[in-house]
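All remarks here apply to the structure that follows.
The values are calculated or read from the model by the stated rules, or taken from the named source; none is laboratory data. Predicted model only: the values in this text are computed from it and were never measured. Don't worry about glycine lacking a Cβ; one is built from the backbone with ideal geometry, like all the others, and counts go over all protein chains shown. Protein only, heavy atoms only, side chains kept; ligands, DNA and RNA dropped before computing areas. Shrake-Rupley method; radii C 1.70, N 1.55, O 1.52, S 1.80 Å.
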Amino acid sequence: MRNKRSFLILIVIAAILTLAGCANEASGSEDGKIKIIAAHNQTAPENPYQTGMLRFKEVAEELSNGSIEVEVHAGTIGTEESELVEKLELGAADVVLASPGFMTQTGIREVDLFSAPYLFKDYEHWLNVVDGEVGQQMGELINEKSNNSFKLLGYWSAGVRHFYGKDPIASTDDLKGVSIRTQTSGVIGDFWKELGAIPSSISWGELYQGLQQDVVDGSENAYPFFVQQSHHATPNGKFITETAHDFTTRFLLINGEKFDNYSQEHQDIIMKAAEASVKAEREATNQQDVDYKEKAMEEGATVNEIDRQPFIDIATPIIDKFAKEIEVEDLLQQIRAAE
């Protein structure tokens, strides 16, 4: 009987130690190791997103002396941002990159203000906003509205978006009846519709074929993204018009609940790694904006500038109406004052 009782006591002790170990690991304590799944949706190895994620990995692992392991996925666990956001919310991924448009699918409509065309005058204006008080307010809003499913680690750039298509654009009238791959709803869709264009929701992965086979007349994106995918080499992508309608914002997000369970030391390291990734990604994007424009022209694409004021005049009342609709008029005024 005594042996049986002793055996039961040993089982109980072992169970307690096991549970303690699991709790220790889940909290990311200083004694244990944590593994972070970090993902973005771009598959090109030279993409700025990959540069930023690899820098995050490098700094996190170095500062933690290996107690943090970061596994980077470049389009391997989702080529659509909606997949990545869902995985983050469910805990199947820990750090992801997301655009304002896809964040609205989680019910946080306010973030879509950052995707409004001609919201930012130039890159310096964008920096003043995202690295200033407005950026901080937006981060707090994301965390609160998601019930801590999402915590903002920093703002990445995705370059300056331009129109590219089968014909050059000389004025707003030239977009009437033109089918363009872009966001079909929300403030972006409203802007292109007001110009007379026909927004199409063809997926990014199918866009090269769509441009090649005349499924759409054109698209819009930043040089590093569409040139890496050779869109400029298709019949419907070779004329690039520098509309500069969007100084693009991307959110680097972590699962807030997991983050809160990490040790203070690991939290501090993650924030430092995120800061380093922001710097690396922005620098890579800015350099590639220049390099890939040159590459596109060298490979036969035609680039033309345009008077943007008529486009801005069309966008302004759309932004005003949208900001009122999603109740961020104060944020809009702060953004405009930050020029």
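The mean accessible area for residues of the chain, using a 1.4 Å probe and ignoring ligands and nucleic acids, is 46 Å² per residue. What the phi angles of the range 222-234 give under the Karplus curve with 6.51, -1.76 and 1.60, with θ = phi - 60°, is a coupling list of 8, 3, x, 8, 7, 6, 4, 8, 6, 5, 5, 8, 8 Hz, glycine and proline written as x. Taking other residues whose beta carbon is less than 12 angstrom from the beta carbon of Ser230, and scoring Lys, Arg as +1 and Asp, Glu as -1, yields +1.
Of the peptides 310-317, 181-188, the order by per-residue mean of other Cβ atoms within 10 Å, starting with the highest, comes out as 181-188, 310-317. Solvent-accessible area of Lys176, all protein chains in place: 130 Å² (probe radius 1.4 Å, heavy atoms, ligands and nucleic acids excluded).
Using a 1.4 Å probe on the protein heavy atoms, what percent of the accessible area of the range 146-206 belongs to carbon and sulfur?
44
Of [x] 18.8; [y] 19.8; [z] 15.9, which is the value of mean projected area of the Cα convex hull in nm² derived from the coordinates here? Among [x] 18.8; [y] 19.8; [z] 15.9, the one derived from this structure is [y].
For a protection proxy built on the mean count of beta-carbon atoms within 10 angstrom, sort 133-146, 160-173 highest first, please. Display every interim value, and only then the final one.
Details: 133-146: 17.3, 160-173: 19.4.
The peptides rank, most packed first, as 160-173, 133-146.
Scanning the chain for helices, which whole DSSP H stretches are 15 Å or more long along the axis (Cα) and average 0.5 or more by Kyte-Doolittle? Membrane-span-like by this criterion, though nothing is claimed about a membrane: 2-27. The residues packed around Tyr292, meaning those with a beta-carbon under 14 Å from its beta-carbon, carry a net charge of -4 if Lys and Arg are +1 and Asp and Glu are -1.
What does the net charge come to around Leu332 if you take all other residues with beta carbon closer than 15 Å to its beta carbon, with K and R at +1 and D and E at -1? Working shown, then result.
On the way: positive: Arg109, Lys121, Lys321, Lys324, Arg336; negative: Glu110, Asp112, Glu133, Asp320, Glu325, Glu327, Glu329, Asp330, Glu339.
Charge balance in the 15 Å sphere: -4.
Here the label points at Glu69 and Ser230, each 7 Å from Cα along the C-beta direction, are separated by 3.7 nm in the simple model. Close amide H partners of Leu153, meaning residues 5 or more places away or on another chain with modelled amide H under 5 Å apart, are Leu252, Leu253, Ile254.
Between the amide H of Val70 and those of Ile36, distances stay under 5 Å, these residues lying 5 or more places away or on another chain, with hydrogens modeled in the peptide plane.
For the range 54-182, a Kirkwood hydrodynamic radius built from all Cα pairs, placed in the Stokes-Einstein relation at 4 °C and 1.567 mPa s, yields a translational diffusion coefficient of 75 µm²/s.
Considering only Glu83, Glu206, Glu71, the mean-square fluctuation computed in a Gaussian network model of the chain, springs between alpha carbons under 10 angstrom, is largest for Glu206.
Sequence-ordered 3J(HN,Hα) estimates for the range 235-244 from the Karplus curve with 6.51, -1.76 and 1.60 and θ = phi - 60° stand at x, 9, x, 7, 9, 9, 10, 7, 6, 6 Hz, glycine and proline given as x. Bridgeable lysines around Lys193 (alpha carbons under 24 Å apart, same-chain partners fewer than 8 residues away excluded): Lys121, Lys166, Lys176, Lys238, Lys321, Lys324.
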